[in-house]
Amino acid sequence: MSEFDPAPDGNDGFQRWQADTDTFDRVYDVVLGVTTPTTYRVIAERAGCSANAAKKHLDRLTEMGVVRKDEQSRPARYERDDGYLEWQEASRIARELSVEEIIDRVADLEAEHRTYEQRFETADPESVTVFELDDHEALHERMQAVSEWQATTRDLRLYELARQLAQNDGHLIPA
């Protein structure tokens, strides 16, 4: 057993997943779960397939825009494209909510975002310094607020994309 085995020995869940899922879907599942650029050999090991099959499927996923390939590294490394995941989430929102509901949510998120901008006197949550406080409770509260602001920023981006998708029958108008 190597350090890359997705499940400990005796885990029937992994064996069922491997038996019930085709190679392409296993590679897809694994690459969506990796958080750093990873070689096709490691992805193959985690997906329980040959390195050649993993590379073939990863190249296909790259062409589809699901995965990014770092061609500068040898061997090439692959990672999920977070933009693809955001598009998937925005598409789900556009399917599940009406345009009016999405517009209302965007307005709420914009108001929330403005509140954070006023509170921290900046437009970018990444520019807020959290570790300059000596009081542990104040530090924790500030970290929580910045984290919530980052989530609001992400949600605003998703709902705005969903609005564009919903208003244009699933087709984005270039910005």
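The values are calculated or read from the model by the stated rules, or taken from the named source; none is laboratory data. Given the structure is predicted, the values throughout are model-derived calculations rather than measurements. Cβ placement follows ideal geometry from the backbone for every residue including glycine, while neighbour counts extend to all protein chains displayed. In case anyone asks, the SASA skips ligands and DNA or RNA and just uses the protein heavy atoms, side chains included. Shrake-Rupley method; radii C 1.70, N 1.55, O 1.52, S 1.80 Å.
Round to a whole number: what % of the accessible area of the chain belongs to carbon and sulfur, probe 1.4 Å? Before the final figure, lay out the partial values.
Numbers: 5190 of 11110 Å².
That fraction is 47 percent.
Leaving out ligands and nucleic acids, and using a 1.4 Å probe, what accessible area per residue does the chain come to in Å²? Write down the numbers at each step before the final one.
Working: 11110 Å² over 175 residues.
Heavy-atom accessible area per residue stands at 63 Å².
Give me the extension gain from Ala111 to Asp20: residue separation times 0.36 nm, minus the current Cα-Cα distance, reported in nm with one decimal. Mind showing how you got there, number by number?
Numbers: separation 91, 0.36 × 91 = 32.76 nm, distance 4.64 nm.
Stretched fully, the Ala111-Asp20 segment lengthens by 28.1 nm.
If R₀ is 25 angstrom, what is the calculated FRET efficiency for the pair Glu71 and Ser91, using the beta carbon separation as r and rounding to 0.05?
Here the calculated transfer efficiency is 0.30.
Please work out whether segment 88-161 counts as rounded, prolate or oblate from its C-alpha gyration tensor, where a ≥ b ≥ c are the square roots of the eigenvalues and a/c under 1.5 means rounded, while otherwise a/b larger than b/c means prolate and anything else oblate?
Values: a/c = 3.18, a/b = 2.50, b/c = 1.27.
Verdict is prolate for segment 88-161.
Would you mind classifying segment 46-125 by shape? Square roots of the alpha carbon gyration tensor eigenvalues, ordered a ≥ b ≥ c; an a/c under 1.5 is rounded, otherwise it is prolate if a/b is larger than b/c and oblate if not.
Oblate shape, in that a/c is at least 1.5 and b/c is the bigger or equal ratio.
Quick check: pseudo-label points 7 Å beyond the Cα along Cα→Cβ at Ser147 and Ala51, how many nm apart are they?
4.0 nm
So how far apart, in nm, are the two label points at Asp29 and Leu133 if each is 7 Å from Cα heading toward Cβ?
Rounded to a tenth, the inter-label distance reads 4.2 nm.
Semi-axes of the equivalent ellipsoid for the chain, please: Cα gyration tensor eigenvalues, times 5, square-rooted, ordered largest first, whole Å.
Equivalent-ellipsoid dimensions as semi-axes: 37, 24, 16 Å.
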